[in-house]
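**Q** Okay, here's the structure, questions in a sec.
The values are calculated or read from the model by the stated rules, or taken from the named source; none is laboratory data. Bear in mind the structure is a predicted one, so any value in this text is a computation, not a measurement. Positions of Cβ are generated from backbone atoms using ideal geometry, with glycine treated the same way; all protein chains shown enter the neighbour counts.
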Amino acid sequence: MVRSETVNSILKISARRWATKIAVADDTQQLSYNQLDECSTAMACRLLAHGVRQGDRVAILDDRGIDGLIGLLAVLKTAGAYVPFDPRTPTLRLSRLLAEIKPSIVMIASRHTERVKAAVGEWQSVTLETIDPSKARESSLPMCDASDVAYCMYTSGSTGEPRGVEIEHRSIIAFFEGFNPHFHLTSEARCLNTSPYYFDVSVADVLMPLAYGATVYFLPNVLPPGRVLDAIEKHRITHICPPAPLLTLLCGPGTAFERRALHSLRYIMTGAEVVSREVVRKWLSRVPGLRIVNAYGPTEAACACFCQEITSENYHDFSDFPIGRPFNGVHPILLNENGIAQGRRRGELAVAGAQVMRGYYQHSAETTGRILLQEGRRYYRTGDICEVDAFGRYYFRGRVDNEVKFKGYRVNLDEICVALKRDVRVLQAVAGVVKLHSDQPVLCAALILRDRAGLSAAQQILTALRHWIPAYMVPEYAVVFDAFPQLPSGKTDTKAAFDLVSRAAAELGITWARVSAGTVEPLA
């Protein structure tokens with residue numbers, strides 16, 4: 001691959017080289033590389049007929065699957081950018097995001113049409129479908145440039161509103177080139193898609209395999225972990241990219257993991273959260289020769305930009321797993337309050353290279369705040385505190401802000417607080433993650449309410465959150481305080497507050513509690 005190439009040109013080469021080979025398959029259909037190319041070209045012609053032009057944004061409301069893939073490839077062939085959204089996004093939130101991107105058209109999976117009708121409103125829309133390839137007219141497609149935006153993916157934002165990360169074609173190509181020396185995709189690979197299109201990991205487990213001639217298998221959107229393992233066995237899957245929470249579930253209770261024939265697996269890419277040593281041990285002991293690639297990277301750097309391979313041979317070398325070393329072409333620096341942390345091995349990680357985003361769509365000030373120009377390079381400030389060992393391996397050590405990874409999602413806790421404070425009954429709010437006896441993370445909220453409001457008001461406040469933020473961001477436990485614990489500086493002692501939240505959730509086994517004078521009791 002060369003840096004002037006685009007996703008379109010790479011996949012066109014795949015279509016010619018592996019024309020009759022199966023590119024994608026699910027339980028009901030399969031398409032060869034040539035068929036996938038023709039179907040996506042036909043859909044692109046349909047989009048052009050609807051007025052889509054080079055540089056336009058096209059919203060895609062789908063989870064995963066062949067029809068959604070045809071849709072996003074069609075958008076790329078119009079030289080536009082696809083903007084994927086979870087169809088289950090609250091109506092008010094989705095309406096605001098569509099108003100921000102002003103899509104030329106909205107592509108909707110038929111099974112979600114009724115669900116999203118109110119949010120889509122008057123925007124022009126079409127149904128995602130496997131279109132008749134005879135309608136393909138490749139000569140009518142516009143030329144696409146490596147500097148064109150390929151997709152715009154929204155992430156949680158500290159201002160209370162998500163931000164759209166714009167990734168160019170050349171950034172995706174750079175990711176392919178940087179990651180595949182560690183993941184080793186070939187035309188013999190059989191990959192299982194585990195991420196929806198609104199997660200950037202779909203770039204790794206859908207688009208990237210197609211660039212190397214592999215076959216991608218799709219599953220229905222919601223399946224128990226045991227059914228995922230069934231698919232690995234049935235299709236003799238060689239490569240998967242589950243986030244750490246899913247990797248944990250796949251080897252957990254009720255999956256018959258120890259009796260599974262998983263010998264076809266060669267590579268697992270995981271990440272999104274810190275992966276458990278016990279989970280890695282289970283997989284390595286169950287699948288001889290397996291290589292687990294612990295990958296790291298923000299959405300702003302095209303999926304992943306660091307990785308560490310973990311095998312049975314080096315597992316015991318690590319007391320905790322590093323995020324590893326940067327991909328070729330990725331340039332890391334560590335920052336402190338004085339700039340580059342000269343001679344120090346700990347600081348905020350910033351990365352430069354072709355993988356770095358163009359910026360946040362329509363938010364130039366926030367882009368400027370996260371991009372550092374240093375020695376002729378554009379560095380993206382990740383907000384992650386990292387340290388590097390004597391071997392050049394980087395370790396994740398925390399955040400400089402209130403962003404967390406929760407159940408595979410990137411969540412800014414400040415966004416939850418902003419949503420909580422939309423209710424006039426909330427005086428102050430703090431959100432956080434605590435662990436219960438099962439060691440599973442739980443999202444919680446600590447609140448101070450006006451006029452000592454009781455249980456019904458607190459329940460109404462959290463229920464109303466579902467109109468503003470996705471369900472996975474709504475706290476599961478909440479504790480109402482008369483006053484938050486304070487540090488000597490007068491600031492809220494967040495740790496002390498969430499120690500009390502954790503006690504309410506774990507010891508008392510209650511969802512709602514009140515803290516008064518340090519005493520935790522059920523909220524009446």
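**Q** Do you know which residues across the range 280-307 are under 13 Å from Cys241 (Cα atoms) and either of a type in the set (D, E, K, R) or under 11 Å from the mean Cα position of the chain (by Cα) (or both)?
**A** Arg291, Cys303, Ala304
**Q** Can you tell me which condition Thr463 does not meet? The list is (1) at pLDDT 80 or above; (2) in a strand (DSSP E or B), and all the others hold.
**A** That leaves (2) as the condition not met.
Conditions tested, residue by residue: (1) buried (at least 20 other Cβ atoms within 10 Å of the Cβ); (2) out of contact with any Gly (no Cβ under 8 Å at 6 or more places or on another chain).
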residue: Ile310; (1), (2): yes, yes
residue: Asp317; (1), (2): no, yes
residue: Gly329; (1), (2): no, no
residue: Gly339; (1), (2): no, yes
residue: Gly353; (1), (2): yes, no
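**Q** Being in a strand (DSSP E or B), aliphatic (A, V, I, L, M) and more than 24 Å from the chain's Cα centre (by Cα) is the filter here, so list the residues in the range 335-368 that pass it.
**A** Hits for the range 335-368 are Leu335, Ile340.
**Q** Just checking, does the range 407-420 include any residue being crowded, with 17+ Cβ neighbours inside 10 Å and either over 30 Å from Val201 (Cα atoms) or in the same structural domain as Ser276 (by TED's automatic domain parsing) (or both)?
**A** no
**Q** Looking at this structure, is Gly160 modelled with pLDDT under 95, touching a Ser or Thr at 6+ places or on another chain (Cβ under 6 Å) and not aromatic (Phe, Trp, Tyr)? Working first, answer last.
**A** On the way: modelled with pLDDT under 95: yes; touching a Ser or Thr at 6+ places or on another chain (Cβ under 6 Å): no; not aromatic (Phe, Trp, Tyr): yes.
In short, no.
**Q** Could you please tell me which pairs satisfy a Cβ distance under 7 Å, a separation of 6+ or placement on different chains, a first residue in the range 385-399 that is closer than 19 Å to Glu309 by Cβ, and a second residue that is in a strand (DSSP E or B) and of a type in the set (Gly, Ala, Ser)?
**A** These pairs meet every condition: Arg393/Gly324; Tyr394/Gly324.
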